[in-house]
Every structure is written in structure tokens, then in C-alpha cells.
1. Please work out which residue is farthest from the other protein chains (Cβ to nearest Cβ), limiting yourself to segment A:230-243 and to residues that are among the small types (Gly, Ala, Ser) and touching a strand residue (DSSP E or B) at 6+ places or on another chain (Cβ under 9 Å).
2. Specify the residue that is surrounded by the fewest Cβ atoms within 10 Å (Cβ to Cβ); the eligible residues are those in segment A:206-232 that are at pLDDT below 95 and part of a helix (DSSP H, G or I).
3. Can you confirm whether B:GLU144 is closer than 30 Å to B:PRO340 by Cβ and modelled with pLDDT of 90 or more?
4. Just the residues that are more than 8 Å from chain A (Cβ to nearest Cβ), surrounded by fewer than 24 Cβ atoms within 10 Å (Cβ to Cβ) and of a type in the set (Asp, Glu), please, taken from segment B:251-283.
5. When you scan segment B:218-228, do you find a residue that is within 14 Å of chain A (Cβ to nearest Cβ), over 17 Å from B:LEU186 (Cβ atoms), under 24 Å from the mean Cα position of the chain (by Cα) and of a type outside the set (Gly, Ala, Ser), even just one?
6. For segment B:164-196: of the residues being outside any helix (DSSP H, G or I) and among the basic types (Lys, Arg), which is surrounded by the most Cβ atoms within 10 Å (Cβ to Cβ)?
7. With respect to A:ARG15, is the statement that it is within 13 Å of DNA strand D (Cβ to nearest atom), within 14 Å of another protein chain (Cβ to nearest Cβ) and surrounded by fewer than 17 Cβ atoms within 10 Å (Cβ to Cβ) true?
8. If only one of B:ARG292, B:ARG315 is within 14 Å of another protein chain (Cβ to nearest Cβ) and either of a type in the set (Phe, Trp, Tyr) or over 17 Å from the mean Cα position of the chain (by Cα) (or both), which one is it?
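The values are calculated or read from the model by the stated rules, or taken from the named source; none is laboratory data. Computed from a predicted structure; not experimentally measured. All Cβ positions, even for glycine, are placed from backbone atoms using ideal geometry, and neighbour counts span all protein chains on display.
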There are 2 protein chains.
Amino acid sequence: MGALMRRPTIMDIARAAGVSKGAVSYALNGRPGVSEETRERILGIARDLGWAPSKAARALSPGGRVGAVGLVVDRPARSLGVEPFFMQLVSGIETELASSGVDLLLQVTDDAGADLEVYRRWASERRVDGVVMVDLRVDDLRPEAVRSLGLPAVFLGGPDGVGGLPCLYTDDGAPVREVVHYLAALGHRRVARIAGPEEFVHTRVRGAAFHEAATEAGLTGAYSVHADYTGEGGTRITRRLLASAHRPTALVYDNDLMAVAGLGVAAEMGVDVPAQLSIVAWDDSALCRLVRPSLTAISRDVAGHGRQVARMLGRVLDGDRVESEETPTGELHPRGSTGPLVGHPENAVTSG
Amino acid sequence: MGALMRRPTIMDIARAAGVSKGAVSYALNGRPGVSEETRERILGIARDLGWAPSKAARALSPGGRVGAVGLVVDRPARSLGVEPFFMQLVSGIETELASSGVDLLLQVTDDAGADLEVYRRWASERRVDGVVMVDLRVDDLRPEAVRSLGLPAVFLGGPDGVGGLPCLYTDDGAPVREVVHYLAALGHRRVARIAGPEEFVHTRVRGAAFHEAATEAGLTGAYSVHADYTGEGGTRITRRLLASAHRPTALVYDNDLMAVAGLGVAAEMGVDVPAQLSIVAWDDSALCRLVRPSLTAISRDVAGHGRQVARMLGRVLDGDRVESEETPTGELHPRGSTGPLVGHPENAVTSG
DNA sequence: GTCGACCGCTGAACCGGTTCAGTGTTTCGG
DNA sequence: CCGAAACACTGAACCGGTTCAGCGGTCGAC
């Protein structure tokens with residue numbers, strides 16, 4: 001115990017096996033150049049010695065992999081801690097990577113633009129073999145940046161074909177339309193959507209689907225307000241909406257944290273959920289099931305997306321030509337926070 | 001744009017400056033061996049060429065740093081996504097690391113024992129310069145493991161002197177005692193604590209303080225039940241406690257997620273909070289402020305702990321002798337979820 | 001029987017840094 | 001004016017892998 005021995009190198013294995021470094025390298029990497037018998041012997045010695053490749057040395061060789069991929073998360077730091085989405089995503093990505101011994105580098109950047117700097121550094125320091133990107137923005141500079149840096153990348157959630165990168169996309173519009181028609185069927189007419197930041201492409205996609213569906217369903221009083229995904233933001237905006245003259249009878253939130261905040265505001269203002277107000281969250285998580293009433297939510301398998309996007313990135317790194325893939329659309333899970341308006345068979349309540 | 005040039009090496013700089021590789025290395029690392037004039041010239045050229053050190057090459061040299069530290073998180077994956085503690089910790093650690101260009105490797109392991117394997121791999125692959133460890137267990141094998149692997153480490157939260165590792169510790173007992181006396185002063189006699197997993201040392205420390213303070217305060221009906229930090233676990237146990245014959249009038253949870261779950265159960269069972277039941281959460285987060293009633297909580301600066309522990313690890317890596325440090329104790333933030341029992345001036349209610 | 005192909009392996013270069021012994025020059029004390 | 005020390009810098013080894021040209025031996029085809 002604890003003799004702190006120098007870790008074994010392939011040179012040690014070579015000496016023990018009485019062959020050259022090169023032969024050991026071939027044997028350990030399963031490449032031709034050694035007989036099956038010698039390979040077995042070398043593998044056995046490597047195992048006995050407890051050898052593990054030095055990623056640093058591998059990375060140094062031309063074309064070598066460093067065995068790590070990166071994820072930059074660029075959202076307000078204070079919301080991150082409570083936003084289930086990212087940890088679930090990270091957890092999913094790692095599940096997939098773990099089997100191949102690839103590590104995940106995580107960077108949380110606070111101000112916009114810093115993320116580009118991180119990609120640049122990772123590329124120039126050869127820190128990662130590739131990156132997973134999320135939250136595509138309007139006029140996003142990242143696809144072009146990673147392309148010019150030669151950094152392999154896969155996008156999670158963008159529409160197909162962002163900057164020529166393969167991506168894992170979802171039809172965000174379908175669940176939005178489903179929610180709108182569901183609320184309309186419950187008798188709601190004034191539906192407000194508390195959206196994510198306007199610069200995100202998925203925010204716009206959802207917004208477009210929302211208004212299109214609202215028109216279809218004949219909801220004249222549908223509109224979107226942009227927020228920042230934080231609980232504070234959700235609280236502030238919900239307060240304003242519920243205090244307005246023609247207050248909405250249903251609120252659709254772009255993340256679960258804001259939805260929970262909205263539920264709190266309703267309680268605080270004495271607005272009964274779901275009798276007087278229906279609430280729908282996007283991205284189901286334990287949070288939605290724990291609060292009372294539990295939140296009707298659009299549920300996606302975020303960890304599954306993480307696994308899938310990690311697999312795609314792996315194929316990109318293998319040099320395969322990777323096509324974009326589509327995930328199943330989110331499903332609406334009706335729970336206690338939505339229902340027909342009580343005492344208003346036809347239309348919305350009018351607030352004082 | 002995008003010519004994908006080979007990244008410059010110190011050899012390129014040496015050629016441009018008309019000096020040797022060695023001189024460039026000295027100049028770039030601020031070490032003696034070159035004149036101030038030559039150093040300036042070399043630094044200028046490096047800047048012009050957009051040079052950045054290859055960490056892989058640096059790591060290869062004896063005594064070289066790889067410029068990354070690791071964090072293994074070993075808690076049930078499904079609770080992680082919703083547990084604010086870790087993302088806040090990660091966020092804090094990174095804030096500190098970012099300034100020195102050090103990256104964070106994150107590993108989420110699901111089953112116990114896998115974490116040891118990760119440390120072993122990181123050490124043998126020279127993936128990280130050091131690690132931050134959390135959640136010290138009773139009979140924890142990790143301190144001895146990292147010691148024998150020669151992997152520098154700092155512990156977050158253990159009692160001082162775990163396995164000879166420097167640690168950042170807190171007096172977990174003080175806030176627990178404060179909570180107990182606070183609840184006692186409100187008139188509560190039957191107080192139950194929904195604790196974290198029993199194998200964590202901090203769970204035991206809090207438990208001991210809880211029972212000691214309960215005795216001091218004359219609470220005869222105080223007891224602890226162990227849970228797993230998940231919302232489901234919190235729900236299940238709270239249901240059982242509230243359905244018991246002599247149901248507690250106050251519940252103290254070891255994390256915020258379970259506390260939110262408990263609040264939900266109370267609502268579902270028609271138990272009014274805080275009139276009939278007081279709830280206290282450990283680890284304040286946005287969650288505690290968003291639900292209604294908002295949760296009284298013990299608040300710590302988790303991100304701050306992350307920064308501090310990252311600084312400590314940095315000093316360990318510099319070869320300094322690092323002493324353990326103590327953080328301010330958590331503070332009790334009374335909110336809407338705690339209050340005197342209504343209609344029971346002296347003692348607890350008796351349930352049907 | 002000879003030639004060529006192929007197999008199994010070796011030796012050396014290479015990746016991009018760090019470090020150290022050594023060398024030529026300057027400085028300075030005596 | 002000489003010798004030693006200090007300084008600025010070079011050249012080469014080294015870290016732990018990968019890769020490639022080359023080499024001797026075996027085998028099969030003709």
C-alpha cells in the first residue's frame with residue numbers, strides 16, 4: 001500500500017515482454033503488426049502491471065485523441081443551480097461517455113461571448129476532441145467559430161443544418177400546439193406564454209407555433225412575454241400578468257423553474273390554481289411533481305437526449321459522416337395545475 | 001477565414017525570434033535565463049502568432065501540470081438534476097478556476113465504488129492535477145485511495161483531518177441547534193428530522209447535534225428518519241410521518257428538494273403549513289423562496305464554498321502546506337413555513 | 001529453385017513542451 | 001590585468017505514446 005510507484009509505461013511492458021515499444025503499441029491498440037500470441041502476452045503483462053495509457057502522450061501524437069469532450073453552459077449562473085435541465089443533460093452525456101472512458105469538461109460561463117473564448121482555448125490547447133453545444137441563438141457565432149477552429153461539434157436542439165453541424169433536433173412546435181389546443185378545449189381564451197430569452201432560436205420556434213396555434217384555435221387574447229429562465233424573472237412577470245386588467249386564465253412557461261415561481265405568485269395573490277388559473281410548464285422534472293398542485297408539463301427525456309448527442313459526437317470523432325437526428329417530440333402530461341375555468345363555462349374571468 | 005492553419009508551437013516562435021526552443025520556454029514561463037529585451041520580443045511574437053501552450057505537451061514533462069481538476073459526484077442520478085447544491089458548487093469552483101485557465105472534469109457516478117475507479121483512472125491517465133471530494137462517508141475509502149494514488153485532494157465538508165487531507169469544514173451542529181431551539185421556542189415538542197443517507201458523516205454530525213439540542217430543549221418527541229435526498233423519498237417518508245398516530249408538528253429536512261416534497265405532501269393531506277405543521281429546509285435555494293408558503297431554510301454560500309475549496313486545491317498543487325479552513329456556519333432564514341402551532345398554546349396537536 | 005508477397009517485429013522519428021549541462025561573453029573584484 | 005562569477009543562450013535529452021520505413025524469415029506460386 002502506498003509505495004507511490006511510478007506508473008508503468010509501454011516501455012516497461014516492452015522490457016517485460018522482450019519486445020519493442022512499437023510492438024506493444026500495436027498490441028494494445030488492437031492493430032495488425034503483432035502475432036495473436038504476442039498480443040495476448042503483452043495484454044497480460046499490461047494488466048499485471050496495471051498499465052493505463054497516458055492521455056497526454058496520446059494527445060501529443062498527430063491525430064491522437066485526448067479522450068474528453070466539452071460542454072459550455074451559458075445561462076445566468078443563479079438560475080443554473082436550480083435548473084434541472086443541465087444536470088440531467090450532463091448526466092445523460094456522461095452515461096454514454098463513461099463506457100468509452102471519455103471525460104466531460106464542463107464550463108459555466110456567465111457573460112455572453114465568454115463561451116467563444118472557451119472554445120478557442122479548448123481548441124488551441126487541445127483540451128477536448130469535440131464539443132456539444134446547446135441553446136442556439138439567432139445570429140449565433142459559435143457554429144462558424146468551431147468550424148474555423150476545426151473543433152468537431154454537435155448541436156443539441158437547433159433546427160437541422162445550423163452552420164453545417166450535425167444536430168439532434170426536436171419538433172418544438174408540436175407540443176406547443178398541443179398545449180394550446182388543450183387549453184382551448186378547457187375553455188381558456190386568454191393564454192399568456194412566459195417565454196425564454198428572445199435570442200434563443202428554440203424560443204422563437206415555440207413562439208411562432210404558439211401564435212399560429214392560438215390563431216387556429218381562435219384564441220384572440222394569446223401573447224408572449226420574454227423572461228430569463230430564473231425564478232426571480234418568473235415571479236416578477238407573473239405578478240405583472242396577474243395584476244393586469246384583463247388577466248390571463250392560463251400561463252404557459254418555457255421552463256419548470258419559472259412555472260414553479262408562477263405557482264407561488266398565484267398562491268400569494270389568492271388566485272386559485274386550477275380553478276381560476278391554469279399553469280403549464282415546459283420540461284417536466286421532479287419539481288413539477290412535487291409542488292401542489294402538481295404542474296401539468298411537457299416532458300422530454302433530457303438525459304436520453306444527452307446520451308444520444310454524445311453518441312453522435314462519438315461518431316463524428318470517428319470520422320463518420322453524421323446526419324442530423326430527430327428526437328421524439330415532448331409529451332404533454334396533464335396534472336393538477338390545469339383545468340376548466342370554474343364558474344365561467346364559456347369564457348375568461350374578468351378581474352377587478 | 002477558416003484556413004485551418006496548424007497551431008503555432010514554441011518552435012515556430014523560436015524560428016521567428018532567431019533563438020532556441022529553450023530560450024522561448026524560459027521567456028514564456030517568466031523564468032530566468034533570457035534577457036528582459038529578448039523576453040519582450042518573444043512574448044510579442046507569441047502574441048502575434050496567437051500561440052497557446054499545448055497542455056498535453058506540458059503534462060508530459062515531469063512535474064508538469066495538466067491544468068484540470070476533477071469532481072466526482074456520487075448521488076442518485078435522478079435527484080441530481082433537481083438538487084441545486086451541486087450546480088452551485090460547480091459554478092463556484094469554476095469561477096475560481098477560470099481565472100487561471102484550469103478546467104473542471106465532472107463525473108457523475110451512479111453506484112457506490114465507481115467513484116474510486118474514476119480516481120484511479122484519472123490518476124493513472126494523468127487526467128487531472130487534483131480533485132475536490134464531497135460527502136465524506138463513514139469508513140470512507142477515498143482519502144486513503146487518493147493518498148496511495150498520489151492524487152492531491154481537498155475535502156469539502158468533512159470534519160478536520162480526514163485521512164490527512166486538508167478540508168474546508170463547517171460546524172454543521174450550530175445551525176441544527178439553532179433550528180431546534182427556534183422550533184422549541186415556537187412551541188413545538190414533536191419534531192422529526194428527515195435526514196440524508198446515514199453513511200454520510202455530515203448526516204451523523206447533524207443527527208448528533210439534533211438530538212443533543214432536542215434534549216437540551218426538553219423535546220421528548222424528537223427523532224430522525226433517514227432518506228435519500230430524492231423528492232420521491234421525501235414524499236414517501238413525509239406521508240408516513242404525517243399519517244402516524246402522534247404526528248410531528250415540525251419537520252426538519254436535510255435538503256431542499258425533500259423539503260419541497262414534504263410541503264407538497266402536507267398540502268395533499270390537508271395539513272396546513274405553518275398553522276399545523278412547520279417545515280425547515282437545509283440548504284436554501286431559489287426553490288425555497290419560490291414555493292408557497294416559502295420555506296424557512298438554513299442558508300449557506302455554496303458557490304462561495306466552491307470558490308474557497310478551489311483556491312485551497314490550487315495552493316496544494318503549488319506545493320504549499322495547506323491547513324484546513326472553516327466556513328461561516330449556515331444561517332437560519334425564517335420564512336413562511338414555520339410558526340407557532342395555532343390553537344395549541346402549549347403543546348402539539350393530537351391527530352385522529 | 002527462385003522470386004515476390006506477406007508476416008512479425010525493430011529502430012527511430014515525431015508530437016510540443018521542459019529542463020539541464022554546457023558554452024561563449026560580459027562584468028567585476030582584487 | 002587576470003580569474004571567477006554571473007549572465008544569456010544553445011543543444012540535446014526527456015516525457016509516453018504513435019507511426020512508419022525497413023529488415024529478416026517463411027510461404028506459396030510458377
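1. Of all residues in segment A:230-243, those among the small types (Gly, Ala, Ser) come to A:231, A:233-234, A:243.
Next cut, touching a strand residue (DSSP E or B) at 6+ places or on another chain (Cβ under 9 Å) only: A:233-234.
On the way: A:GLY233: 11, A:GLY234: 8 Å.
Ranking the qualifying residues of segment A:230-243, first place goes to A:GLY233.
2. Selected residue: A:GLU232.
3. Working: closer than 30 Å to B:PRO340 by Cβ: no; modelled with pLDDT of 90 or more: yes.
In short, no.
4. Once the filter is applied, which keeps residues that are more than 8 Å from chain A (Cβ to nearest Cβ), surrounded by fewer than 24 Cβ atoms within 10 Å (Cβ to Cβ) and of a type in the set (Asp, Glu), segment B:251-283 yields B:ASP272, B:ASP283.
5. First, the residues of segment B:218-228 that are within 14 Å of chain A (Cβ to nearest Cβ): B:227-228.
Pick out the ones that are also over 17 Å from B:LEU186 (Cβ atoms) and you get B:227-228.
If we keep only those that are under 24 Å from the mean Cα position of the chain (by Cα) too, we end up with B:227-228.
Retained after the next criterion (residues that are of a type outside the set (Gly, Ala, Ser)): B:228.
The answer is yes; a qualifying residue exists.
6. Within segment B:164-196, the first condition is being outside any helix (DSSP H, G or I), and the residues that meet it are B:165-172, B:186-196.
Next, from what is left, pick out any that are among the basic types (Lys, Arg): B:189-190, B:193.
Values: B:ARG189: 21, B:ARG190: 21, B:ARG193: 27.
Looking at the filtered set, the residue picked out is B:ARG193.
7. On the way: within 13 Å of DNA strand D (Cβ to nearest atom): yes; within 14 Å of another protein chain (Cβ to nearest Cβ): no; surrounded by fewer than 17 Cβ atoms within 10 Å (Cβ to Cβ): yes.
When the stated conditions are applied, A:ARG15 does not pass them.
8. Working: B:ARG315 fails: within 14 Å of another protein chain (Cβ to nearest Cβ).
Selected residue: B:ARG292, the only one of B:ARG292, B:ARG315 that is within 14 Å of another protein chain (Cβ to nearest Cβ) and either of a type in the set (Phe, Trp, Tyr) or over 17 Å from the mean Cα position of the chain (by Cα) (or both).
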